[in-house]
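Let me begin by presenting the structure, written as structure tokens, before commenting on it.
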Amino acid sequence: MKLLEKILLAQDFSKSSQNLVHSAIELAKIFESKIVPIHVLPDDIVNKKVKALLNETAMTKLEETVQRIENEGVDVDNPLLAFGSPHEAIVRAAVDINANVILTGSGESKKGDTFQLGTTTERIIQKSEKPVFVIKEGILLNVRHILCPVDFSESSKRALKNAMTMARRFKSELTILAVCELQGSTWFTSEKDKEQENELRYTLHQEEFDSFLNGFDLTNLNWTKETPKGNPAKEILSAISKKMIDLLIMGTAGRTGLNRMIMGSVTEKVVREVPCSFLTLKSEDVISLQLETHIKDIEKLHSTGLQLMEDGFHEEAIGQFKACLSINDMHVPAYKGLAKVYEKLDQPERARMYRRNAKEIMDKIWYQKIEEEVRKLRGS
């Protein structure tokens, strides 16, 4: 079972690249992913000797990265050496290899810089339809608390779905944030009218938030929800600071044509100033479930079913447990697994049925053992 099959690791060989490679390895270990390293060289070098030397140096460094990844027991593909504009080459390569995510650094910033995001990384986020995972300079990938801001749009639904799976795999806390923007217009006849308008707006916002969350299965997650009032970008950055967030996961609407270069004012401000690592999603999931449908090993099917259940893929888990029963209709762990899944899906009748099936089989096996022992005693 694969949830995050392929990571495109975009590195520039700067000092911060060491932490980026380490983060890629940790992410790949958690999701059993394959890493594909890439480096981009300029395509306008005229001097052939200089060009050849750069190519040789880049390939040597890429091979060193491959060796480091292999030494950690992580699957790694042949490295890619591309030419041209870095952000364009990286975005194109992600499509060519069908990567689940582009992993890149935030760029090296000087102390006191207001905007902490590098130009290349910002352009990758703008142009890529693939998810982009940005590792902040000098910060290890140790995800204990995830923040997922939502605005009830389709893109924020996608972000929350992926954030839930990430939280389960990282075994981290998840905070779901929905900022209510208050009305600040001066056309109200009085402050009292404006306050009443904002109170009603906040009440409706909370109701919409609850309705939005009802569409997700948040069982077995350590999660909380926050509904602050104010400017979305400021409230998101404030929550990251107050809650010591390790990973921000945001959805940003996919765009076409000239507007494709626009992230949206909230996303743009947040990703430029965010102090932690972050993941942005447009039209594709970073988590893409791929099951090995040809599996015939009952224990592997059962193990996959348990992992799917833990990750929140309940319907898929049911499929794996039922595949176990198609091989052996007396496989008790599969019946117990089905009972647990249906409990999580709030279907107690089905849960009781599969639990009863498991008990009947166990009783049958027990009585058969008793009979065998009795026969042995009689024959002695």
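The values are calculated or read from the model by the stated rules, or taken from the named source; none is laboratory data. As the structure is a prediction and not an experimental result, all values here were calculated from the model. Heads up, the Cβs are rebuilt from the backbone with ideal geometry, glycines too, and the neighbour counts pull from every protein chain shown. Areas reflect the complete protein model, heavy atoms only, side chains present, ligands, DNA and RNA absent. Shrake-Rupley method; radii C 1.70, N 1.55, O 1.52, S 1.80 Å.
Data overview
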| read-out | value |
| --- | --- |
| I318 more than 26 Å from N142 (Cα to Cα), modelled with pLDDT of 90 or more, hydrophobic (A, V, I, L, M, F, W, C) and part of a helix (DSSP H, G or I) | yes |
| Qualifying residue in the stretch 77-95 (condition: open to solvent by less than 20 Å² (accessible area, probe 1.4 Å), within 20 Å of T252 (Cα to Cα) and outside any helix (DSSP H, G or I)) | no |
| Residues of the stretch 3-19 satisfying the condition of being over 19 Å from M166 (Cα atoms) and either assigned to a loop (DSSP other than H, G, I, E, B) or touching a strand residue (DSSP E or B) at 6+ places or on another chain (Cβ under 6 Å) (or both) | A10, Q11, D12, F13, S14, K15, S16 |
| Answer from A58, A10, A52 - the residue that is loosely packed, with under 15 Cβ neighbours inside 10 Å, over 30 Å from L308 (Cβ atoms) and not basic (K, R) | A52 |
| Selection within the stretch 29-52 - out of contact with any Lys or Arg (no Cβ under 7 Å at 6 or more places or on another chain) and not in a strand (DSSP E or B) | K29, P42, D43, D44, V46, N47, K48, K49, V50, K51, A52 |
| Residue count, the stretch 16-35 (criterion: surrounded by 18 or more Cβ atoms within 10 Å (Cβ to Cβ) and on the phi > 0 side of the Ramachandran plot) | 0 |
| Flag if T203 is under 21 Å from A167 (Cα atoms), polar (S, T, N, Q) and loosely packed, with under 14 Cβ neighbours inside 10 Å | no |
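Yes/no per residue for (1) within 30 Å of K300 (Cα to Cα); (2) of a type in the set (K, R):
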| position | (1), (2) |
| --- | --- |
| L8 | yes, no |
| L27 | yes, no |
| V66 | yes, no |
| E72 | yes, no |
| D75 | yes, no |
| A89 | no, no |
| R92 | no, yes |
| T104 | no, no |
